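J.: First, the structure itself, so that you have it in front of you.
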Amino acid sequence: MAFTGAGVSAESGVATFRGAGGLWEGQPVEEVATPAAFQADPDRVWRFYEQRRHSVARARPNPAHTVLAGWQDRFPTYTLATQNVDGLHQAAGSRDVLELHGSLWRVRCLSCGRDRYEPLVPLPQLPPRCATCGAMERPGVVWFGEFLPPGAIEAAQAAAGTCEVLVVVGTSAVVYPAAGLVGIAAAAGARVIEINPAESALAELADVVLRGPAGEMLPLVNERLREA
Ligand code: BV8
Ligand code: ZN
C-alpha cells in the first residue's frame, strides 16, 4: 500500500501546504480551505482553488508518481490512497486511486448536490454554476471539519489493516483521519517505510525512513525491487 501527501507532488512544482507555499493571501491554507471561509467569501475561496487549478494544470507527474503507478501492475494486491487533490497520480497512470480529500478537478452543486468533473482552466465563470439548477457550485474537495468521501477512508483503512508494507510518501502526517492509516498499518504488523526529506509526525511509527525527495528515492527503491 502507498499513502501520499503534498510532498509527492513537490518535484512537479506543486506547492505543499505547510512548507513555504502553504499560504494564500498571507493566510494559512487551513483558514481558506474551510466551509466558514467559503460561506463568508465564496469568490475569495474560489480564487484560491482557481489558482491551484492553474498551477496544477501546468504540472506534470514526476518520477515518484510514475513509480507508484507502476507498482499497481507489479504487485497482486496494491492500494494507493492520497491526500492530494491534484490528480497527478492518475495523470501518471495510477488507477483506482483513493482520493481521501477529494479533487481539484471536481465541482459540486450547493443546491442539488450534482457532482461533476470539470477540467477547464480557466473556469468559464467564477464561481461556476450548476447547469441543472443554476445554483453556485463549490470545489469538490474535503475541507476541515467535513467528512471524507463515503467509502474512501473505509477502503483505505481496510487496506492499511491488511497490507504487508505501507510506503508513506511526502506527508507531515498531521491531518486526520488520513494520517491514522499509518497507525492502523503498524498495529496490524505491516512494515512502514517513510519517504520524506524532513521529519514528520510519523517519527517512531516508521520502521525505515528514506530521508530524501520522493522523486529520487522511489526510483532507487524501484531499482532494488527489480534486482530482488
Ligand atoms: C474530519 C483538502 C470528521 C482541500 C485538506 C478540531 C476541530 C475540528 C476538526 C479537527 C480538530 N482536530 C482535529 C480535527 C480533524 C481535522 C484535522 O486533522 N485537523 C488537523 C489540522 C489537526 N480533520 C478534518 O477536519 C477532516 N475531517 O475529521 O471529519 C468530522 C466531521 C465533522 C466534525 C468533526 C469531525 C478533514 C481533513 C481534510 C482537510 N482538507 N485539504 C485542499 O487541499 O485544498 S487537508 C490538507 O492537508 C491537504 O489535503 C493535504 O493533503 C493535507 C495534509 O498535508 P500534507 O499532504 O501532509 O502536506 P504538508 O504540506 O503538510 O506536508 C508535506 C510533506 O512533504 C512535508 O512533510 C515535507 O517534508 C514533505 N516533502 C516536501 N518535499 C518533498 C517531500 N516529501 C517527499 N519528497 C519531496 N520532494
Ligand atoms: Zn444544481
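J.: Consider Gly19 against the criteria (1) in a helix (DSSP H, G or I); (2) closer than 30 Å to Val167 by Cβ; (3) without any contact (Cβ under 8 Å) to a residue 40 or more places away in the chain; (4) not hydrophobic (A, V, I, L, M, F, W, C): it satisfies all of them except one. Which criterion is unmet?
T.: (1)
J.: Checking the conditions here, which among Leu205, Leu166 is at pLDDT 95 or above, open to solvent by less than 40 Å² (accessible area, probe 1.4 Å) and out of contact with any Asp or Glu (no Cβ under 6 Å at 6 or more places or on another chain)?
T.: Only one candidate qualifies: Leu166.
J.: Ala92 - would you say it is away from ligand 2 (no atom under 16 Å from the Cβ), within 17 Å of the chain's Cα centre (by Cα) and either surrounded by fewer than 17 Cβ atoms within 10 Å (Cβ to Cβ) or modelled with pLDDT under 95 (or both)?
T.: Working: away from ligand 2 (no atom under 16 Å from the Cβ): yes; within 17 Å of the chain's Cα centre (by Cα): yes; either surrounded by fewer than 17 Cβ atoms within 10 Å (Cβ to Cβ) or modelled with pLDDT under 95 (or both): no.
In short, no.
J.: Right, here's the next one. Just one of the numbered conditions (1) under 23 Å from Leu98 (Cβ atoms); (2) of a type outside the set (Ser, Thr, Tyr); (3) within 16 Å of the chain's Cα centre (by Cα) is not true of Pro35; which one?
T.: The number of the failed condition is (3).
J.: Oh, and also: Taking the stretch 95-107, which residues are crowded, with 19+ Cβ neighbours inside 10 Å and at negative phi? Spell out the reasoning first.
T.: So the first thing to find is which residues in the stretch 95-107 are crowded, with 19+ Cβ neighbours inside 10 Å, and the list is 97-107.
Within the stretch 95-107, Val97, Leu98, Glu99, Leu100, His101, Ser103, Leu104, Trp105, Arg106, Val107 qualify.
The values are calculated or read from the model by the stated rules, or taken from the named source; none is laboratory data. Predicted model only: the values in this text are computed from it and were never measured. Cβ sites come from the backbone with ideal geometry, for glycine too, and all protein chains shown count toward neighbours. Accessible surface areas use protein heavy atoms only, side chains included; no ligands, DNA or RNA. Shrake-Rupley method; radii C 1.70, N 1.55, O 1.52, S 1.80 Å.
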